[in-house]
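The values are calculated or read from the model by the stated rules, or taken from the named source; none is laboratory data. The shown structure was predicted, so the numbers you read here are calculated from the model rather than taken from an experiment. Every residue, glycine as well, gets a Cβ built from its backbone with ideal geometry; the counts of neighbours run over all protein chains shown. With ligands, DNA and RNA removed, areas are computed over all heavy atoms of the protein, side chains included. Shrake-Rupley method; radii C 1.70, N 1.55, O 1.52, S 1.80 Å.
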Amino acid sequence: MIKIENLTKKFGKTVSLDAVSINFNRGDAVALMGANGAGKTTLIRLIMGYYHPTSGSVEINGLNPVKERVDILQSVSFVPQLPPPIKLSLAELISYICKSSGVKKEMIFEYAKEMKLDIIPNLNKSFFQLSGGMKQKFLIAVSLAKESDIMIYDEPTANLDPKARDDFYRLIKEKEKDKLSLFVTHRIEEVQDIVNRQIYMDLGKITTDEAC
Amino acid sequence: MKNLLLIAYLDLKESIRANWFIIYSIVFGGLIALFFIAGITESQVMGFSGLSRLLLMYIQVTIIILPIFVLITTVRSISGDRDSHILEYMLSFPISLSQYYWGKVAGRFITVFIPVFMAMAFAIIYGTFKGAEVPWEIFFLYTGLLFAMSSAFLGIAFFVSSLVKSSEMALGISFFVWIFLLAFIDIALISLMMQNRMSEGLIISIALLNPMEIFRVSAISLFDPELTVMGPVAFYILDMMKQWQFVVLSIVYPTLLGILFAFFGYKVFAKKDLV
Ligand SMILES: Nc1ncnc2c1ncn2[C@@H]1O[C@H](COP(=O)(O)OP(=O)(O)OP(=O)(O)O)[C@@H](O)[C@H]1O
Ligand SMILES: [Mg+2]
């Protein structure tokens, strides 16, 4: 599904990603690990089409994520490393998501409920006024409601209490069949149950890539 | 198109709640209220009177403060969203970059234009109510000028916004652009003129590349050219072209300038890394 060849990304003199080649296929559930600054987020942003590669290429189902972003993002769910301080109210944000991506509102409510997040009383609150954990729960609910073939999570559980983590992993386990999911994480024990492939990165390179 | 409107609509809603928008509306609305309270419409100075005098004062103040308002509030719209990673999340949905960018432009245009226009419309309504005669020609010209001003500075602001990496930088550049257009160009040209190095016609043509100068001249172009308030530039211009030609130019040129800048801003936005 995702084909990465010789991908390099530099910021000035910093080489954040150094000639990485890797494929991700349907059915893969990948734990992406590595020290801070190893290049995990950079790799994900290249997959999402946010960065232009310095050299090399990314293809998602044969398409270029920068040029054909609309087609690709139709089937990608993404939860960023830090929930952004979006000023829209939850109701507005939901309408943005539903109208732009054809997500069903009821599904967002449904998954939010599964994540123990009560949306209704917060509908008119700005997204950034929610607590850190609530924001993350909301983003997770959206990512699940979107019914995507590719699901990308950049440390999604950082702000979640243990109970919410369990909910998240349970929902993911139900969802991830026949899909491609990528989890950036620093705690392999936590994701052991939901992944079938582990990748370690260091200094912009992939150091190990093994099934598990 | 559907997505573009969606983004414009959401940006509009977000802006209307923002503090800057409230201050912005109060400033322009307050200006009009102040003029009425001060009795501008009743005084007779330099041949202007009634509503035309009020509208002239309004547009003259607006020419100075609208650009800086538009610049500092708009310049952070793309760069601020980039800084705070809002862009990263919002653009993880299937929205094309052009829908996003032009949606933001459209939303901002409405937010910026409506208050300055409404303040003027309010002056007309209140003036009529008080029995003043409405100078329709001036009203329509100034509506056009407000439109052109909003476009020009919004375009410049979006260009800066997508060009720079951080919103701090964007803010600094806005101040520079404003001061530059407001004063520096004039000062430089005046000094050139005094040294007699260039022909007057050339200097004035250069002065007119500056949208702020065009607005200044256009704002008084409908008044009697005999009046003393008209500066040398205005006098020269209105001598050179027909009044209606200049009026059209003063609306079309800044509007096009704004669109051009916004367009270059889009090119830069689409070519650079998004986050
Ligand atoms: N926009 C940028 N500009 C300059 N340097 C960057 C940029 N983004 C990342 N880097 C650099 O690239 C390297 C990799 O960063 P990246 O964010 O990919 O690390 P990471 O593996 O996600 O780390 P963490 O576990 O802390 O999230 C770092 O050295 C970082 O400083
Ligand atoms: Mg990271």
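In debye, nearest 20: dipole of segment A:2-211 around its Cα centre with unit charges on the Cβ of K, R (+) and D, E (-)?
620
When the scattering of the protein assembly as shown is computed by the Debye formula from its Cα atoms alone, each counted once and equally, what is log10 I(q)/I(0) at q = 0.07, 0.10, 0.11 Å⁻¹?
-0.49, -0.82, -0.92
Can you tell me the relative contact order of chain A? Whole percent, Cα pairs under 8 Å, sequence separation 6 or more.
31
Would you be so kind as to identify which of B:Q99, A:I194, B:S161 lies farthest towards the positive end of the dipole of the protein assembly as shown, taking Lys and Arg as +1 and Asp and Glu as -1 on Cβ and the Cα centre as origin?
So the residue furthest toward the plus end is A:I194.
Run down the lysines and flag those whose C-alpha is under 27 Å from the C-alpha of B:K13, throwing out any fewer than 8 positions away in its chain.
Qualifying lysines at Cα under 27 Å: A:K87, A:K99, A:K104, A:K105, A:K125, A:K135, A:K137, A:K146, B:K2, B:K104, B:K165, B:K267.
Using the alpha-carbon centroid of each, what span in Å lies between segment A:68-112 and segment B:163-186?
35
Can you tell me what the convex hull of the Cα atoms of chain A projects to on average, as an area in nm²? Before the final figure, lay out each step's value.
Values: hull surface 44.8 nm².
The orientation-averaged projected area of the Cα hull of chain A comes to 11.2 nm².
Is the shape of segment A:80-128 rounded, prolate or oblate, going by the alpha carbon gyration tensor and its root eigenvalues a ≥ b ≥ c, with a/c under 1.5 for rounded and a/b larger than b/c for prolate?
In terms of gyration-tensor shape, rounded.
How would you classify segment B:105-220 from its alpha-carbon gyration tensor, with a ≥ b ≥ c the square roots of the eigenvalues: rounded for a/c under 1.5, else prolate if a/b is greater than b/c, otherwise oblate? Let's see the in-between values first.
Numbers: a/c = 2.93, a/b = 1.25, b/c = 2.35.
Oblate shape, in that a/c is at least 1.5 and b/c is the bigger or equal ratio.
Considering protein heavy atoms only and a 1.4 Å probe radius, which residues within segment A:97-113 exhibit an accessible-area decrease of no less than 10 Å² in the full assembly relative to the chain by itself?
Buried-area filter returns A:I97, A:K99, A:S100, A:S101.
Once you've got the GNM for chain A with C-alpha springs shorter than 10 Å, pick whichever of A:L63, A:L43, A:L144 has the biggest mean-square fluctuation.
With Cα springs under 10 Å in chain A, the top fluctuation among A:L63, A:L43, A:L144 is at A:L63.
If you count the DSSP beta bridges with both ends in chain A, what percent of them are antiparallel, to the nearest 5?
Percent antiparallel among DSSP bridges in chain A is about 55.
To the nearest 100 Å², how much accessible surface do chains A and B cover up together, summed over both, with a 1.4 Å probe?
2800
Just to be sure I understand: with springs between alpha-carbon atoms less than 10 Å apart, which residue in B:D83, B:D239, B:D11 has the highest mean-square fluctuation in the Gaussian network model of chain B?
B:D239
State, as an integer percentage, the relative contact order of segment B:1-84 based on alpha-carbon contacts under 8 Å between residues 6 or more apart.
17
Where the only charges are on Cβ atoms (+1 Lys, Arg; -1 Asp, Glu), what is the dipole of segment A:52-157 about its Cα centre, to the nearest 20 debye? Walk me through the numbers on the way to the answer.
On the way: 12 positive and 12 negative charges, 87 e Å.
Roughly 420 debye for segment A:52-157.
Would you tally the net charge around B:S250, using a Cβ to Cβ cut-off of less than 13 Å, leaving B:S250 out, and scoring K and R as +1, D and E as -1?
Once positives and negatives cancel, what remains is +1.
Which of the helices in chain B meet the span-like rule: DSSP H, Cα axial reach of 24 Å or more, Kyte-Doolittle mean at least -0.5? Kindly include the intermediate steps, with their values, before the conclusion.
Numbers: long enough: B:19-37 (26 Å, 2.11); B:50-74 (34 Å, 1.95); B:97-129 (47 Å, 1.14); B:136-163 (40 Å, 1.64); B:243-271 (42 Å, 1.26).
Going by DSSP H runs, the hits are B:19-37, B:50-74, B:97-129, B:136-163, B:243-271.
In percent, what relative contact order does chain B have, based on Cα pairs under 8 Å that are 6 or more apart in sequence?
Relative contact order here is 29 percent.
Compute and list, largest first, the equivalent-ellipsoid semi-axes of segment B:2-271 from the alpha carbon gyration tensor, each √(5λ) rounded to a whole angstrom. Can you show the working numbers first?
Working: eigenvalues 227, 119, 45 Å².
After diagonalising the Cα gyration tensor, the semi-axes are 34, 24, 15 Å.
Once you compute Rg and the Kirkwood Rh from C-alpha atoms, what is the Rg to Rh ratio for segment A:1-102? Spell out each step's value before the answer.
Numbers: Rg = 15.2 Å, Rh = 15.2 Å.
Across segment A:1-102, the Cα-based Rg/Rh ratio is 1.00.
Would you kindly give the portion of the calculated P(r) for segment B:68-140 that falls above 17 Å, as a percent of all Cα pairs?
When every Cα pair of segment B:68-140 is considered, 60 percent fall beyond 17 Å.
State to the nearest 20 debye the size of the charge dipole of chain B about its Cα centre, where the only charges are +1 on K and R beta carbons and -1 on D and E beta carbons.
Dipole about the Cα centre, nearest 20: 720 debye.
Take the alpha carbon atoms of segment A:1-60, find their center, do the same for segment A:183-210, and report the distance between the two centers in whole angstrom.
What the calculation gives is 14 Å, centre to centre.
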